[in-house]
Amino acid sequence: MLPVEVMQQAQAEFIDWQGTGRSVMELSHRSAEYIALASEAEQDLRDLLSVPDNYKVLFVQGGGRGQFSSVPMNLKGLSDKAAFLQTGSWSKGAQQEASKFLDVNVLAETQNIDGILTVPKITPDMVDQKSAYFHYCSNETVDGIEVNDIPDCGDIPLVADMSSNILSKPIDVAKFGIIYAGAQKNIGPSGLAVVIVRDDLLEFAMPETPTFLHYKTIDKFDSMYNTPPTYSWYLAGLVFKWLKQQGGLEAIAEKNAQKAALLYKCIDECDLYTNNVHGDFRSKMNVTFHLKSKELEPLFLQEAEQNGLKALKGHRIVGGMRASIYNAMPIEGVIALTEFMRDFARRNG
Ligand SMILES: *Cc1c(COP(=O)(O)O)cnc(C)c1O
């Protein structure tokens, strides 16, 4: 979802952006107007996350997966190996791509203890301090697993794929070497990714790194070495303004916690539904659940759809249901879902 206010603003100024007589899509990315818009978006993102001055904020293409390749290429100069925490399919994807460039060492994986999924704690002694970096994924959308505590990997750069929970709560950027995120979950439409990189890490790209993926070059050209996805950037900027109007990330985090708590409470209280993620790691963005009798799942989905509750089918790898409740999902949407779920459970329990 995108916030409806953002889409309304985009619609209102679609043909004539701020009296220029043109759509923002028709502006050159080299025009003064567009450059001002782009740098304002960057500043708003910096404000929201309190990004320290020694971090660069890059707006790039290629989504989250693009960074699965860009990160190892840009850090290979530090070392030929990297360490990973594997919490699900996205971290596995990042790890497989990194293994094309580096020796990948998987330190720990999500564990299934008596049917409950938990994520092991990472401590510095587990991490080879000669690694180029340590990588984890802060939110796994498929299983609905979120890592809230920032892992302590010692002195090597900490790299996080925050594609699916960036801007959902405040984070201490200073703890990270690189944070990256595809835009389409919590930032704006697809086509854009954001990379926040500590400036001392710009010097370690492997020589073969394609120029348009080279962080130092991207930074030198203010993320306009090649033409950026200008409309996605503009919409991301509107979302940043909307987040500020909502009261910033503290306020959004509170709302997100309320939304997730309502849904997990419903799942835990109704015998018909199960979720097998340990309470400490239950995602506030993607709430997954199964119906105790699998045969009812098609009926659940069909009736949900009839009630205007869409996109609840779980990822094909795990099946079941998944309610994605990113920042833009209002609490009313979650309440409507829990009311439907309780009613369905009463009728089919
Ligand atoms: C959605 C998601 C991605 C997606 O990558 P794209 O290349 O933008 O499709 C990557 N990582 C995580 C954690 C995600 O949730």
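Results, tabulated for the structure shown:
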quantity	calculated
Point-to-point label distance, S31-A261, nm (Cα→Cβ direction, 7 Å offset)	4.7 nm
Distance between the range 244-273 and the range 61-89 - C-alpha centres, whole angstrom	31 Å
The chain shape via C-alpha gyration tensor axes, a/c threshold 1.5	oblate
Q246 versus N112: modelled label distance in nm, points set 7 Å from Cα along the beta carbon direction	3.4 nm
Y326 - accessible surface, heavy atoms, 1.4 Å probe, Å² rounded to 10	30 Å²
Rounded to 5, percent antiparallel among DSSP beta bridges of the range 2-123	35 percent
For the range 116-199: rounded, prolate or oblate by the Cα gyration tensor [a/c cutoff 1.5]	oblate
Estimated FRET transfer efficiency when R0 is 22 angstrom, pair S50-Q9 (beta carbons, to 0.05)	0.30
Heavy-atom accessible area ranking, 1.4 Å probe, most first, across D125, D161	D125, D161
Distance between the range 1-56 and the range 117-184 - C-alpha centres, whole angstrom	28 Å
Restricting the range 1-41 to chymotrypsin sites (Phe, Trp or Tyr not before Pro) in coil, as DSSP defines it, with at most 14 other Cβ within 10 Å	F14
For the chain, built as a Gaussian network whose Cα springs stay under 10 Å, the top-fluctuating residue of M224, M162, M285	M224
With DNA, RNA and ligands ignored, accessible area of Y273 (1.4 Å probe; Å², nearest 10)	10 Å²
Three-way shape label, the range 243-349, alpha-carbon gyration tensor, a/c 1.5	prolate
Carbon plus sulfur fraction of accessible area for the range 248-348, probe 1.4 Å, in percent	52 percent
Range of Cα positions in the range 102-157 per principal axis (Å), largest first	35, 22, 21
FRET efficiency for N105 and N276, using Cβ-Cβ distance with R0 set to 22 Å, rounded to 0.05	0.20
Percent carbon-and-sulfur accessible area, the range 114-207, ignoring ligands, DNA and RNA, probe 1.4 Å	51 percent
Share antiparallel - DSSP beta bridges, the chain, percent rounded to 5	60 percent
Approximate spin-label separation K294-A311, in nm, with each point projected 7 Å along Cα-to-Cβ	2.7 nm
Pairs from K100/K130; K169/K259; K130/K284; K241/K310; K265/K292; K241/K284 whose Cα-Cα separation, in the structure shown, is over 24 Å	K130/K284; K241/K310
Qualifying aspartates and glutamates (Cα of each under 12 Å from Cα of K81; at least 8 residues distant if same chain)	D103, D128
Computed [θ] at 222 nm, helices only, for the chain once each DSSP H run of length n ≥ 4 contributes -39500 (n - 2.57)	-11000 deg cm²/dmol
Most mobile of A328, A205, A251 in a GNM of the chain (Cα contacts under 10 Å)	A251
Average accessible area per residue (Å²) across the chain - probe 1.4 Å, nucleic acids and ligands excluded	45 Å²
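The values are calculated or read from the model by the stated rules, or taken from the named source; none is laboratory data. Quick caveat, the model's predicted, so the values are computed rather than measured. Here the Cβ is made from the backbone with ideal geometry for all residues, glycine too, and neighbour counts use every protein chain on show. The accessibility values were calculated without ligands, DNA or RNA, using every heavy atom of the protein model including side chains. Shrake-Rupley method; radii C 1.70, N 1.55, O 1.52, S 1.80 Å.
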